[in-house]
Amino acid sequence: MSGEPLETQSPSWGLSPADELSAYRRALEHQVIVAATDRAGRITYVNEKFCETSKYSSAELIGRKHSVVNSGYHPRSFFVSMWKTIASGASWQGEICNRAKDGSIYWVDTTVVPLFDAAGKINGYLSIRYEITARKRADAALHEEVMRRREAETLLLEVIEALPDGVAAYDHDDRLILFNSAYRDFYDRSGGAIQNGVKFETVLRKSFDNGQFQFSSTDPVARQRWFDRKVKEHRSPGRPHLQHLWDGRWLQVQERRSPVGYVVGVRTDITALKQAERQIKDQAERDPLTGLYNRRVLLDRLDRLRTRQRKGDPPVALVLLDLDNFKDINDTLGHGAGDELLRIAADRIRESIRSTDTVARLGGDEFAVILNDVRDDEVVRRLVARLTTRLAQPVRLADRNVNPGATLGVSVYPRDSSDAGELLKFADIALYHAKARGRGSFCFFDAQLRAELQRREAIAAGLRTAIERRTVGIALQPQFALGSQRHEGFEVLARWSNTLKATPSEFIAVAEQGGIIGELGLLVLDKALAAVAQLRRSGYDPGRLAVNVAAAQLKDPGFPRDVAALLHRHGVEASSLEIEVTENVLIDRSAAVLRQALTELHALGVQIALDDFGTGHASLTHLKSMPVDRLKIDRSFVSGVGSNAGDEAIVRTIVTLAHSLGKQVVAEGIETERQLQFLRELRCDTGQGYIVSKPLLEAELELYLAAQSAPAARRAG
């Protein structure tokens with residue numbers, strides 16, 4: 001404004017001031033809120049729009065100040081500043097929040113100009129207002145939405161930053177636009193490449209070149225293929241994939257393309273999960289005592305040979321080894337010392353083989369080694385020699401120096417077999433033959449062993465058929481009192497007529513190895529008890545019946561029950577039966593189970609005899625712990641009587657020992673009068689051998705017993 005009184009200004013379009021003002025009023029009446037006040041601020045004029053907006057009538061407004069519509073929104077200083085401006089003669093423009101008569105709030109865009117009199121003094125004020133309530137509400141809503149989105153964005157960034165997972169987003173051009181600290185920290189070897197605007201391939205390349213990732217292969221071509229694949233996977237994200245970092249951590253990467261085309265990814269540290277998986281896998285695959293692989297892993301790796309070995313690849317050798325004298329160490333020094341020896345042996349085997357080879361513990365003191373890429377048998381011999389030398393080195397156990405050792409058997413893939421089970425079986429057969437040669441030796445599975453294996457398999461097949469058809473027979477060798485030479489009983493021997501000409505010792509060994517010794521033993525016992533029952537019905541007293549029993553039979557928890565059932569079936573009292581077990585049964589790894597079976601049999605009234613005494617490794621402790629009634633001196637010692645002073649000393653010692661323990665003694669294999677007289681002088685209780693009788697078939701038993709009873713009848717007459 002010019003500062004001149006309003007009424008002195010000339011209209012620019014030729015109207016009188018009154019007409020001009022009237023025109024203004026008519027034009028603005030329905031659009032603009034107009035009010036006039038005197039110099040003191042009292043309202044002197046309001047238009048209809050003012051009344052409509054404020055809900056006050058003109059009568060309620062005229063004479064009052066604008067404070068009648070003060071909403072209280074603005075501070076006092078707001079109006080002080082406004083009055084200071086217009087009182088100086090200047091115009092004031094601003095937005096004011098007012099309150100209508102009904103209490104509703106409305107906003108007006110306000111311009112206030114001073115009105116001057118003829119003397120140029122302010123005599124009032126004119127205010128022109130436009131209602132902007134809708135706009136202010138829209139602005140407020142927009143502001144609120146902007147603030148809400150800003151707060152949400154801030155919160156989202158804070159949440160992303162707080163996540164332990166690495167989060168990153170790349171735009172359409174594959175440039176980094178968002179990431180959190182975890183993402184940057186995961187790739188700590190990125191060389192500072194993780195910044196907004198940097199392409200993904202650049203970030204990956206920096207990390208790749210600086211050794212951020214671990215690889216299973218050292219081949220640079222394979223590594224470059226990995227890099228190219230990761231770039232491709234990022235551009236076309238899909239299934240999750242893993243990254244193995246340089247410090248051992250594992251990341252699971254899950255990326256997807258958003259609806260607007262960004263690649264959004266999350267990197268999750270799954271190291272703990274991978275470690276748990278490894279622990280579970282180790283528990284399933286590892287021997288807990290030694291940390292070596294177990295039998296399952298060994299067989300799995302042998303099975304893989306068929307799929308992984310290509311024609312022309314070098315052979316693979318399977319080595320089985322048993323520690324020598326392990327049982328003795330366990331018994332004399334305790335299981336703690338035995339466990340320590342197993343751990344030491346495991347470490348020594350690991351030290352003796354190559355990184356490409358595999359070592360496993362199969363159980364007990366039995367280990368297995370897969371030797372890869374053996375060009376010929378000489379390579380195997382050198383590796384085996386290294387193994388045996390290392391394992392034979394002394395070790396300190398329980399404050400004692402121990403000299404361990406090992407015996408080994410070897411089979412070769414694919415020369416011997418391409419089947420994992422057969423390879424293991426062939427190596428075991430070779431180990432068995434190595435033990436026969438002497439401890440500390442080793443043996444290859446070869447053509448001769450294969451022929452022996454085939455023979456054993458044929459014997460096993462024929463024996464199974466014979467057992468099913470009950471064509472296995474028996475022979476009974478008499479036992480007699482050495483003092484009176486009277487008949488005391490029989491030892492039962494298995495007999496089988498077969499085209500393979502397998503001897504009893506051979507087919508019984510096959511039965512034990514083939515798992516059919518239990519069936520064979522029960523058949524022999526059944527036939528022997530039937531023969532005894534028949535002899536009794538014929539008026540003869542067959543005496544005590546001694547039957548050999550294998551460890552496998554005693555391990556069957558139902559064996560004592562089966563024996564009791566057969567005794568009952570044939571009407572033979574338990575005291576007439578004697579179970580013979582070899583000395584080695586006492587030191588079997590399942591000695592506790594065997595002891596329980598013998599105790600149950602003894603409780604029935606069955607007598608227990610220890611066969612082949614002196615040839616095994618049982619100690620007096622074992623002898624005391626088992627319910628043994630009689631000791632049988634092995635024929636190898638009896639045969640030396642009269643020609644070998646050492647054998648005579650052993651026989652004398654056994655008889656003295658047995659009698660001092662309250663046990664009877666049986667000497668088997670007596671063939672000469674010298675042997676007979678020697679045993680009588682020692683007061684040995686019972687004898688058995690060809691000097692009295694060879695083993696008798698069932699048809700010969702009655703004649704033998706009749707002949708034995710005739711002298712007694714004559715003496716009685």
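The set of residues in region 116-132 that are among the charged types (D, E, K, R) and open to solvent by 100 Å² or more (accessible area, probe 1.4 Å) contains only K121. Taking the numbered list (1) modelled with pLDDT of 90 or more; (2) touching an Asp or Glu at 6+ places or on another chain (Cβ under 9 Å); (3) open to solvent by 10 Å² or more (accessible area, probe 1.4 Å); (4) outside any strand (DSSP E or B) in turn, K435 passes all entries but (1).
With respect to being at pLDDT 90 or above, surrounded by 15 or more Cβ atoms within 10 Å (Cβ to Cβ) and among the aliphatic types (A, V, I, L, M), L333 falls outside the description. When restricted to residues that are closer than 30 Å to A609 by Cβ and open to solvent by 80 Å² or more (accessible area, probe 1.4 Å), region 438-467 contains 2.
Would it be correct to say that R239 is of a type in the set (D, E, K, R) and under 23 Å from V159 (Cα atoms)? In short, no.
The residues listed here are L321, L305, L362; of these, the one that is in contact with a Lys or Arg (Cβ under 8 Å, 6 or more places away or on another chain) and surrounded by 17 or more Cβ atoms within 10 Å (Cβ to Cβ) is L362.
Select, from R150, R135, the only residue that is open to solvent by 80 Å² or more (accessible area, probe 1.4 Å), at pLDDT 90 or above and either assigned to a helix (DSSP H, G or I) or closer than 18 Å to D38 by Cβ (or both).
R135
Based on this model, can you work out whether L163 counts as closer than 27 Å to Q275 by Cβ and out of contact with any Lys or Arg (no Cβ under 6 Å at 6 or more places or on another chain)? Here the answer is yes, as L163 does meet what is asked.
Scanning region 28-44 for residues being of a type in the set (A, V, I, L, M, F, W, C), open to solvent by 10 Å² or more (accessible area, probe 1.4 Å) and out of contact with any Phe, Trp or Tyr (no Cβ under 6 Å at 6 or more places or on another chain) gives a total of 3.
Sort through L594, L620, L586 and tell me the only one that's within 56 Å of the chain's Cα centre (by Cα), over 29 Å from A564 (Cα atoms), modelled with pLDDT under 90 and not charged (D, E, K, R).
L620 is the lone residue from the list that is within 56 Å of the chain's Cα centre (by Cα), over 29 Å from A564 (Cα atoms), modelled with pLDDT under 90 and not charged (D, E, K, R).
Being of a type outside the set (S, T, Y), more than 30 Å from V198 (Cα to Cα) and surrounded by fewer than 16 Cβ atoms within 10 Å (Cβ to Cβ), is that true of even one residue in region 253-274? Within region 253-274, one or more residues are of a type outside the set (S, T, Y), more than 30 Å from V198 (Cα to Cα) and surrounded by fewer than 16 Cβ atoms within 10 Å (Cβ to Cβ). Taking every residue in region 501-512 that is closer than 13 Å to E452 by Cα and pairing it with any residue that is among the polar types (S, T, N, Q), at least 6 positions away or on another chain, the pairs with Cβ-Cβ distances below 9 Å are F507/N498.
Conditions (1) surrounded by fewer than 15 Cβ atoms within 10 Å (Cβ to Cβ); (2) polar (S, T, N, Q); (3) within 16 Å of L245 (Cβ to Cβ); (4) in contact with a Cys (Cβ under 8 Å, 6 or more places away or on another chain), marked per residue:
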site	(1), (2), (3), (4)
L178	no, no, no, no
Y183	no, no, yes, no
D188	yes, no, yes, no
G192	yes, no, no, no
V198	no, no, no, no
F208	no, no, yes, no
Q212	no, yes, yes, no
T218	yes, yes, no, no
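Counting only residues that are open to solvent by 20 Å² or more (accessible area, probe 1.4 Å) and in a strand (DSSP E or B), region 99-115 holds 7 of them. Among residues of region 653-667 that are more than 11 Å from F613 (Cα to Cα), those with a beta-carbon under 8 Å from a residue that is among the polar types (S, T, N, Q) and open to solvent by less than 10 Å² (accessible area, probe 1.4 Å) at least six positions away or on a different chain give the pairs Q664/T686.
Pairing residues of region 575-600 that are surrounded by fewer than 18 Cβ atoms within 10 Å (Cβ to Cβ) and of a type outside the set (V, I, T) with residues that are part of a helix (DSSP H, G or I) and at pLDDT 85 or above, at Cβ distances under 7 Å and at least 6 apart in sequence or on separate chains, gives S590/K555.
Each residue in region 153-171 was checked for being modelled with pLDDT under 90 and open to solvent by less than 60 Å² (accessible area, probe 1.4 Å), and 1 pass.
Just need a number here: residues in region 45-77 that are open to solvent by less than 80 Å² (accessible area, probe 1.4 Å) and under 19 Å from Y130 (Cα atoms). Result for region 45-77: 18. Every residue in region 518-530 that is small (G, A, S) and surrounded by 20 or more Cβ atoms within 10 Å (Cβ to Cβ), please. Of everything in region 518-530, those that are small (G, A, S) and surrounded by 20 or more Cβ atoms within 10 Å (Cβ to Cβ) turn out to be G518, G521, A528.
Residues in region 523-535: is at least one under 24 Å from D634 (Cα atoms) and at pLDDT below 95? No.
Selection over region 237-247 of residues that are open to solvent by 50 Å² or more (accessible area, probe 1.4 Å) and not in a strand (DSSP E or B) gives a count of 4.
Looking only at residues that are closer than 27 Å to H433 by Cβ and not small (G, A, S) in region 308-318, which one is surrounded by the fewest Cβ atoms within 10 Å (Cβ to Cβ)? Selected residue: P314. Residue check: V532 meets all listed conditions (1) in contact with a strand residue (DSSP E or B) (Cβ under 8 Å, 6 or more places away or on another chain); (2) on the phi > 0 side of the Ramachandran plot but one, namely (2).
The values are calculated or read from the model by the stated rules, or taken from the named source; none is laboratory data. Keep in mind it's a predicted model, so treat the numbers as computed, not measured. Neighbour counts are summed over all protein chains in view; Cβ atoms, including those assigned to glycine, are modelled from backbone coordinates with ideal geometry. To get the accessible areas, we keep the full protein, side chains included, count just its heavy atoms, and leave off ligands, DNA and RNA. Shrake-Rupley method; radii C 1.70, N 1.55, O 1.52, S 1.80 Å.
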